[in-house]
Amino acid sequence: MLAKLLAFVFAIIEVLLLLRLALPFLHWPSTLDEWIPKLINVTDVLAAPFQPIVKTLDIQSAAGGVLSTYVNQLDAGVLVAMVGWGVITVVVLMVLSLLSRAR
């Protein structure tokens, strides 16, 4: 039961980050204007632990040519956070699986 709850929480985190990643490419109705800053604030907290990786690798300037137009609209920190949270999800669920088998 705990594994399912944690998987659900991690899925919510990934969906929020995906919405943040897709934000520059979407045209949302004006009725959602009050929700966008809240989404950005929440996802900033979720992406914050992964910001040093983005700064170290300098992902934003690594792309050139045709891709630079799209890369400049993407938030590399959010993309790295999605991968990071995915890895954390797999590790946590694997540890829970191993602990439940040990009983």
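A Cβ distance below 6 Å, combined with a sequence gap of six or more or placement on separate chains, defines the contacts here; from region 29-47, residues that are under 24 Å from V83 (Cβ atoms) and touching a residue at least 12 places away in the same chain (Cβ under 8 Å) reach residues that are in a helix (DSSP H, G or I) and among the charged types (D, E, K, R) in the pairs T43/R20.
Using the structure shown, decide if I12 is closer than 17 Å to G86 by Cβ and surrounded by 15 or more Cβ atoms within 10 Å (Cβ to Cβ). No; evaluated as a whole, the condition is false for this residue. Taking residues in region 1-27 that are farther than 12 Å from V92 by Cβ, and partners anywhere that are of a type in the set (S, T, Y) and assigned to a helix (DSSP H, G or I), the pairs with Cβ atoms closer than 6 Å and at least 6 places apart or on different chains are L16/T43; L17/T43; R20/T43. Within region 85-102, residues that are closer than 15 Å to A11 by Cβ sit with their Cβ atoms under 7 Å from residues that are among the aromatic types (F, W, Y) and surrounded by 11 or more Cβ atoms within 10 Å (Cβ to Cβ), at 6+ positions apart or across chains, in these pairs: W85/F10; T89/F10. Considering the chain, the qualifying helices (runs of 4 or more DSSP H), each wholly inside and each with 1 or more residues that are modelled with pLDDT of 90 or more and touching a helix residue (DSSP H, G or I) at 6+ places or on another chain (Cβ under 9 Å), run over 2-22, 35-47, 76-102.
The values are calculated or read from the model by the stated rules, or taken from the named source; none is laboratory data. These figures come from a predicted structure and were not determined experimentally. Please note: Cβ atoms are built from the backbone with ideal geometry, for glycine as well, and neighbour counts cover all protein chains shown.
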